Amino acid sequence: MTNKPKLLLQAERVKRRSGSQAPSPSHKQTGDPDLQFLLDGGKLIKIRSSSWQKSRFYKLEEDCKTLWHESHKIFKRNQTFSIDDIDSVRKGRQSEGFLKHTDPSVEDRCFSIIFKGRKRNLDLMANQGHEAKQWVSGLEKIINNMHNLSRQQKSEHWIFNCMRKADKNEDNKMTLKELKHFLRQINVEVDETYAADLFKKCDKSNSGTLEGSEIKHFYDLLTHREEIDVIYGKYAQTEGQMSARDLLNFLLNEQREQVSMQDALKLIEKYELDGTAKEKKHMTKDGFLMYMHQEEGSILNPKHKHVYQDMSQPLNHYFISSSHNTYLMEDQLRGPSSTEAYIKALMKSCRCVELDCWDGPNGEPVIYHGYTLTSKVLFRDVIKAVKDYAFKTSDYPVILSLENHCSVDQQKLMAHHMIAILGDALLTKPLGDTLPGNFPSPEELKGKFLIKGKRLNKLDAIFNNNSTVDEDTVSEEDEAKSKIKLARELSDIVIYCKSVHFNGFEHAKDNQAFYEMSSFKESKAFSLAQNSATAYIHHNMDKLSRIYPAGSRTDSSNYNPVPMWNVGCQIVALNFQTPSKEMHLNQGRFLQNGLCGYILKPGFLRSFSSQFDPSTLTKGPWLQKKTCHIMVITAQQLPKINKDKHKSIVDPLVRVEIYGVPADNASKETHYIENNGFNPMWNENFQFDIQVPELAMLRFVVEDYDSTSQNDLIGQYCLPLTSVQNGKETPHSTQLRRQSFTSSHNRVISSEEILRTFIELWVW
């Protein structure tokens with residue numbers, strides 16, 4: 001393997017000798033032929049179109065976190081991107097670009113790098129099939145390895161990498177100038193005096209440079225966690241260390257976990273680094289810090305990371321993760337339509353996607369935003385992509401919401417494509433042998449596709465053997481006056497999601513079957529939620545409702561989904577392609593229950609005896625008043641926002657927000673810390689009084705303060721309040737949690753966990 005710079009290795013060796021288990025990715029991969037292949041690099045053909053196919057050299061850099069490639073642009077001769085930016089690697093001609101611009105004969109030579117967010121896919125072709133296979137294998141190993149590193153390992157690897165970059169002349173030493181450059185790399189701005197004092201304190205040899213153990217000393221000073229000292233010192237009552245009994249006391253009294261001595265012993269066995277301490281069944285401060293960086297210290301209840309809710313209730317008793325105009329990658333007027341947009345949404349466990357269908361050339365229906373300049377994608381290709389990716393992250397049913405503008409002939413072809421491609425996974429008749437009186441459950445519909453669209457008749461026609469005409473006229477849109485002819489073949493595969501016009505709650509109650517559902521534009525839905533909340537809630541107890549953004553949102557912005565959830569609307573469709581507060585809330589809502597895309601609604605949104613109104617809050621089972629105490633203490637390793645400005649340092653602040661019923665909505669924020677993104681400390685306490693916790697969302701936002709313009713988002717993390725792990729409730733306990741974000745009764749949680757999650761969700 002290519003040697004790593006000695007400066008980095010010196011720091012890592014000393015760190016490992018001091019007891020830390022933080023090898024970089026390259027250490028774990030030493031001797032791996034696939035990794036060596038990436039480090040050596042090679043020529044690949046970059047595919048952009050049928051005429052733009054150019055050879056470029058690609059290689060993995062020595063940090064094993066960055067991919068370098070040559071560029072022929074005048075001002076950017078060499079370019080890089082981070083492995084962390086990669087969402088997945090796909091072998092073969094699986095992208096739209098490959099399908100359009102290459103021949104099937106090169107299938108085995110092709111692979112695509114799929115990036116997070118809106119960044120364009122990278123389609124690459126190797127000279128030989130075995131080379132493409134090795135690129136894919138190597139990249140997947142690196143990506144998996146990065147995912148499997150502990151947070152502490154990621155943290156240390158990042159710091160060591162910054163040290164390597166600061167060593168400009170690569171002499172394996174650090175001068176005062178390089179030390180200041182390093183501090184700016186890690187987002188810290190210090191004055192000349194402080195930097196000089198820090199350097200002098202570490203330069204034991206008075207040589208004017210730091211090397212070997214001096215670099216280790218500098219690292220220890222930089223990463224010292226005084227706030228962890230306070231927490232650890234309170235409970236380490238046995239020979240200056242935590243015994244298993246001491247650790248159990250911490251878990252019971254601070255974390256309020258339901259654990260036993262056996263659980264404490266397992267944590268020591270899993271995270272303690274010192275062999276002597278482990279033999280004594282003790283946990284040192286290093287072991288405690290290692291434990292605090294793991295999932296056990298997460299604010300999210302670990303039980304909620306798996307499917308834990310009852311999935312046998314009727315389908316309409318669940319909130320369903322839903323996308324609007326799923327085919328769009330960007331705005332609603334000129335942006336590209338792509339199968340990739342469906343893949344990205346489905347891989348985020350979206351369970352209802354929209355297909356805006358129009359007549360296309362050569363008799364083939366297409367999907368695009370009608371009467372705009374958005375590009376078009378074949379209906380057939382979308383169905384293939386949906387089939388391939390629908391159940392990779394969740395087994396629960398996917399609803400295909402058809403907005404049908406096609407002629408009868410092309411509708412017949414739409415039905416043919418869905419039946420032929422989706423096969424037995426497509427639901428073409430009700431479950432059971434008799435006319436159903438209610439929805440089946442997500443559990444019963446696992447692995448199934450449901451079609452939402454117009455239907456020529458009611459479901460009882462299936463069981464009564466009633467014949468129907470081959471086609472008839474129906475309204476084109478749920479709230480439009482225009483009409484369209486509907487083909488019987490397409491009508492027949494609409495089973496549990498028949499689209500009908502909404503004519504009022506009383507009319508729906510008296511005339512609509514349970515499977516007849518309406519779509520509401522956001523203005524109509526918000527008006528109903530404001531003026532007829534209880535009636536809307538009762539409507540959603542036996543029927544489905546779909547909400548979609550206003551047509552005026554041409555920039556693909558979103559409405560606030562929370563008021564729609566408050567009245568029990570299930571299919572609250574948002575523009576998934578737009579990173580925004582609204583999408584953060586949506587991702588937070590569906591973070592629990594194993595990210596399966598279905599969340600069981602609270603009981604008071606499912607019981608017909610309920611008189612719940614989110615605005616008035618009369619007495620009822622929904623009122624479960626809680627006081628949420630949050631102490632914002634510190635953050636670690638916040639990213640730079642303006643990476644183009646070398647000396648740019650963030651001025652971070654933290655805002656804590658509650659979203660739920662109107663009485664619970666609140667927001668409080670810390671002061672900003674000037675010029676410190678590495679380890680800012682706030683130590684500020686907030687209190688929130690919550691009336692309806694089952695509908696409340698907790699959101700942390702970190703911003704870069706700007707006195708002259710809008711603050712820049714650094715990161716965010718959102719989750720349901722009911723998914724927050726409890727912590728100690730006594731007032732004095734907040735004084736012990738100076739290192740970590742603490743939330744909901746002051747549970748100690750890892751700040752790296754929160755803030756790294758912030759960063760991941762923001763990039764998404």
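Okay, here's what the table says:
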read-out: Trypsin sites (Lys or Arg not before Pro) within the stretch 315-395: DSSP coil, no more than 13 neighbouring Cβ in 10 Å; value: Arg334, Lys392
read-out: Antiparallel DSSP beta bridges within the stretch 315-605, as percent of all bridges there, nearest 5; value: 35 percent
read-out: Rough spin-label spacing in nm, given labels placed 7 Å along Cα→Cβ, for Phe505 and Glu140; value: 5.2 nm
read-out: Dipole-positive endmost among Leu38, Leu222, Ile547 within the chain (Cβ charges, Cα centre); value: Leu38
read-out: 28 Å Cα-Cα threshold exceeded, pairs from Lys498/Lys619; Lys384/Lys498; Lys100/Lys454; Lys601/Lys625; Lys200/Lys278; value: Lys498/Lys619; Lys100/Lys454; Lys200/Lys278
read-out: Per residue accessible area in Å² of the stretch 315-605, where ligands, DNA and RNA are left out and the probe is 1.4 Å; value: 36 Å²
read-out: Pairs beyond 30 Å (Cα-Cα), from Lys303/Lys626; Lys119/Lys429; Lys285/Lys392; Lys65/Lys204; value: Lys119/Lys429; Lys285/Lys392; Lys65/Lys204
read-out: Sum of side-chain charges, Lys392 neighbourhood, beta-carbon under 13 Å (Lys, Arg +1; Asp, Glu -1); value: +2
read-out: Rounded accessible area per residue of the stretch 226-296, 1.4 Å, Å²; value: 48 Å²
read-out: Estimated FRET transfer efficiency (Asn683, Asp409; beta-carbon r; R0 60 Å; 0.05); value: 0.30
read-out: Chymotrypsin sites (Phe, Trp or Tyr not before Pro) within the stretch 355-384: DSSP coil, no more than 12 neighbouring Cβ in 10 Å; value: Tyr371
read-out: Sparse-neighbour loop sites [chymotrypsin sites (Phe, Trp or Tyr not before Pro); the stretch 47-134; at most 13 other C-beta within 10 Å; DSSP]; value: Trp52, Phe75
read-out: Full-stretch length increase - Tyr705, Glu364 - with 0.36 nm per residue and alpha-carbon distance subtracted; value: 117.6 nm
read-out: With Cα atoms, 0 to 90° folded angle of helix 151-166 axis to the chain main axis; value: 60 degrees
read-out: Heavy-atom accessible area per residue - the stretch 100-152, 1.4 Å, Å²; value: 47 Å²
read-out: Degrees, to the nearest 10: 379-389 long Cα axis against longest axis of the chain; value: 50 degrees
read-out: Antiparallel bridges, percent of DSSP beta bridges restricted to the chain (to nearest 5); value: 75 percent
read-out: Rounded, prolate or oblate (a/c below 1.5 giving rounded, otherwise prolate when a/b exceeds b/c) for the stretch 172-323 by Cα gyration tensor; value: oblate
read-out: Neighbourhood charge, 10 Å Cβ-Cβ cut-off, centred on Asp331 and excluding it, Lys, Arg +1 and Asp, Glu -1; value: 0
read-out: Glu70/Glu443 FRET efficiency (R0 56 Å; Cβ-Cβ; nearest 0.05); value: 0.60
read-out: Charge dipole of the stretch 33-148 about the Cα centre (unit charges at C-beta), most positive-ward option of Pro104, Ser82, Ile47; value: Ile47
read-out: Heavy atoms of Tyr515: accessible area, 1.4 Å probe, square angstrom to 10; value: 10 Å²
read-out: Assigned charges on the beta-carbon of Lys, Arg, Asp, Glu; the chain dipole about Cα centre (debye); value: 1020 debye
read-out: Over the stretch 315-605, relative contact order from alpha-carbon pairs under 8 Å, at least 6 apart, %; value: 22 percent
read-out: Cα-projected label distance for Thr372 with Gln530, points at 7 Å along beta-carbon direction, nm; value: 2.6 nm
read-out: With eigenvalues of the C-alpha gyration tensor scaled by 5 and rooted, the chain, Å; value: 49, 34, 22
read-out: Cα-based reach from Lys165 at 14 Å (exclusive), listing aspartates and glutamates while leaving out same-chain residues under 8 positions away; value: Glu61, Glu62, Asp63, Glu178
read-out: Percent carbon-and-sulfur accessible area, the chain, ignoring ligands, DNA and RNA, probe 1.4 Å; value: 47 percent
read-out: Highest-first arrangement of 613-622, 117-126, where packing means the average Cβ count within 10 Å; value: 117-126, 613-622
read-out: Which of Ser375, Thr284, Trp358, positive extreme of dipole for the stretch 280-403 (C-beta unit charges); value: Thr284
read-out: For His369, residues with placed amide H under 5 Å, excluding near neighbours; value: Thr374
read-out: For the chain: relative contact order, % (alpha-carbon pairs under 8 angstrom, 6 or more apart); value: 11 percent
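The values are calculated or read from the model by the stated rules, or taken from the named source; none is laboratory data. This is a predicted model, so every value here is computed, not measured. Note that each Cβ is placed from the backbone with ideal geometry, even for glycine, and that neighbours are counted across all protein chains shown. Ligands, DNA and RNA are stripped out before the accessible areas are found, and what is left, the full protein with its side chains, is counted by its heavy atoms. Shrake-Rupley method; radii C 1.70, N 1.55, O 1.52, S 1.80 Å.
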